[in-house]
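The values are calculated or read from the model by the stated rules, or taken from the named source; none is laboratory data. Please read these numbers as outputs of a predicted model, since none were measured by experiment. Note that each Cβ is placed from the backbone with ideal geometry, even for glycine, and that neighbours are counted across all protein chains shown.
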Amino acid sequence: MTTTYNTAERLLAAAKQAIMSHPEHCAWASLIMLGKTEVSDDMPTAMTDGLNEIYGRAFVHSLTRPELIFVIMHENMHKAFRHLVTWRALFDENPRLTNAACDYVINYLLVSLDPLGEFMSMPKKDGKRLGLYDERFAGMTAKQVFDILKQEHPPKGRAGAGEAGDGESCEGEGEGESCDGDPLKGFDEHDWESAKRPDPAEQQAISDKIEEAIRHGRAAQQRAAGKKGKGALDLAVDALLTPKVPFAEVLREFVRETARGSDISTWARPNRRYIGQDIFLPSTYSETVGEIVLAIDTSGSIKRDELTLTMTEVVHMLNVMPPRRLHVMYWDTAVAAHETYAGETYDTLLDYTKPKGGGGTDAACVPDYMRDKQIRPACAVVFTDGAVTGWGKWDCPVLWVVFNNPKCSPPFGKVYYI
């Protein structure tokens, strides 16, 4: 019989307190405090929606203290990496492989933080790691792992000899052991539906809070230690504060989230939000993307080669997900040039665009210009060195692409550093 001194809630609270007070792992304290933590009798293991955490009561009691700490850190690393937002497109393509890829990335990181398992240890069953772990995925993003798994685990019906097709169950393999016989099944769940928050402003606010929590935790850890973190911890936090997700992936996902319409209904893919209630409704999608503004800082500090390389990715995105219209604006303290493109003219952008400007840097001039010209885009992508005198008030979601300035921290919007 469980006593009041050994409830799952108390075990979780004690484990979290241990992490927050640990000299080498206290950098995660602010992140661990972010969101709600619940215990459920119906949850078989543990789950996160990218902000909140749910732990199964029986699952908590089945773990040792180091294993429980590992599970808590695992859920919070999903939050830290923004996995359930960043890789939504991969999940829509193949949920099983995406879940596995995210788990492989996190578990390798956590094991590297404590190789001997003295403070946190990956859960084990019969002496074998329970979950997904493979050293060949060291340093990879979830997308890179996904691409490898996609080759190794083809869809059902095309699997090679001895392989399980997508969705099939088979014996555990590799260094980890599956929870249910599927070699790509981890020890936790991922609540992708709850993570798909329809309001871009709400999603951005959550992302900002996570970023702030990581930075705050890093600063607190450095103050406590009197010096920089070292080894795997230092690299882990740096990886989160300086994402290594390819720009093309970031750009496509940002446009998909903010500019993709929902004007077409389809029964081919039922709406997953209501399936759990035994209600079958069509999902919606769109083959169109709204207007996009591409605002380029021409104050002079962005190298032409860097901009050309990045713009090449933009042109590719335009052909894969063509918007109704693209506005290209060159700005410094004012919008010096405004070009519009549509349809087949996207391919000519790099040949015909004519950068203008070269003075100071005031990003506020762009949204002011858009309001004056009554341009109402679905989203804006802003290229800048980040040395701005003002950020402005934007009426649409913004992706800031910041060149050569990792200390730049825009007060709103998503940020990608080059």
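Miscellaneous remarks
- Restricting attention to the range 182-223 and to residues that are within 19 Å of Met122 (Cβ to Cβ) and in a loop (DSSP other than H, G, I, E, B), the residue that is modelled with the highest pLDDT turns out to be Asp188.
- Looking across Glu75, Glu9, one residue alone is within 16 Å of Phe187 (Cα to Cα) and either touching a strand residue (DSSP E or B) at 6+ places or on another chain (Cβ under 7 Å) or surrounded by 17 or more Cβ atoms within 10 Å (Cβ to Cβ) (or both). It is Glu75.
- Criterion (outside any loop (DSSP other than H, G, I, E, B) and out of contact with any Leu (no Cβ under 7 Å at 6 or more places or on another chain)) met by exactly one of Lys16, Lys79: Lys16
- For the range 19-33, the tally of residues that are surrounded by fewer than 20 Cβ atoms within 10 Å (Cβ to Cβ) and either outside any helix (DSSP H, G or I) or not assigned by TED's automatic domain parsing to the domain that holds Ala213 (or both) stands at 4.
- Cys396 meets all of the listed conditions (1) touching a helix residue (DSSP H, G or I) at 6+ places or on another chain (Cβ under 9 Å); (2) more than 26 Å from Asn319 (Cα to Cα); (3) not basic (Lys, Arg) but one, namely (2).
- Scan of the range 109-130 for residues that are part of a loop (DSSP other than H, G, I, E, B), of a type in the set (A, V, I, L, M, F, W, C) and in contact (Cβ under 8 Å) with a residue 12 or more places away in the chain, ordered by number: Phe119, Met120, Met122
- Filtered residue count, the range 331-345, keeping only those that are in contact with a strand residue (DSSP E or B) (Cβ under 6 Å, 6 or more places away or on another chain) and of a type in the set (S, T, N, Q): 1
- Of the helices (runs of 4 or more DSSP H) entirely within the range 300-418, those holding at least 3 residues that are buried (at least 16 other Cβ atoms within 10 Å of the Cβ), of a type outside the set (Gly, Ala, Ser) and over 23 Å from the mean Cα position of the chain (by Cα) occupy 365-372.
Conditions tested, residue by residue: (1) in contact with a Phe, Trp or Tyr (Cβ under 8 Å, 6 or more places away or on another chain); (2) farther than 15 Å from Ala334 by Cβ.
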{"site": "Gln374", "(1), (2)": "no, yes"}
{"site": "Ala378", "(1), (2)": "no, yes"}
{"site": "Val388", "(1), (2)": "no, no"}
{"site": "Trp400", "(1), (2)": "yes, yes"}
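- One residue from Tyr133, Tyr104 being of a type in the set (Phe, Trp, Tyr), assigned to a helix (DSSP H, G or I), over 23 Å from Ala14 (Cα atoms) and more than 14 Å from the chain's Cα centre (by Cα): Tyr104
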